[in-house]
Amino acid sequence: MSMVLEVRGMSCAHCVAAITSAVSPLPGVTGVDVALEAGTVRVDGTPDATAVAAAIEDAGYDVTPPA
């Protein structure tokens, strides 16, 4: 299973690293794929969506919840 979140404020490799390191350790996460140009973050596994969004926001980015 995976979820895709729209994330604003990402622009470089540092953003990719920051989001990946914030989300990867969360329970249930098996993979993180940050697409800068698309402005999305795909999280694989069965994590809590609220925890994922909070981790990304704590890293300094704006998250649009999944529809």
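Values in this text are rule-based calculations from the coordinates and carry no lab data. Quick caveat: nothing in here was measured; it's all calculated off a predicted structure. Here Cβ is always computed from backbone atoms with ideal geometry, including for glycine, and neighbour counts include all displayed protein chains.
How large is the charge dipole for the chain, taken about the Cα centre, if only the Cβ atoms of Lys, Arg (+1) and Asp, Glu (-1) carry charge, to the nearest 20 debye? Working shown, then result.
Numbers: 2 positive and 8 negative charges, 12 e Å.
Here the chain has a charge dipole of around 60 debye.
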Using the basic label-point model (7 angstrom from Cα toward the beta carbon), what is the Asp62 to Ala13 distance in nanometres? 2.7
Give me the number: length gained by fully extending Ser2 to Thr40, i.e. 0.36 nm times residue separation minus the C-alpha to C-alpha distance, one decimal in nm. 12.4 nm
Can you match Cα Rg over 2.2 N^0.38 Å to one of these, (1) 1.26; (2) 0.94; (3) 0.98, based on a calculation from the structure here? (2)
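How high is the relative contact order of the chain, in percent, with contacts defined as C-alpha pairs under 8 Å that are six or more residues apart? If you can, show how the numbers build up before the last one.
Working: 109 pairs, mean separation 29.6, N = 67.
44 percent.
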Using a 10 Å cut-off on Cβ atoms, rank the peptides 4-14, 45-55 from the highest mean neighbour count down. 45-55, 4-14
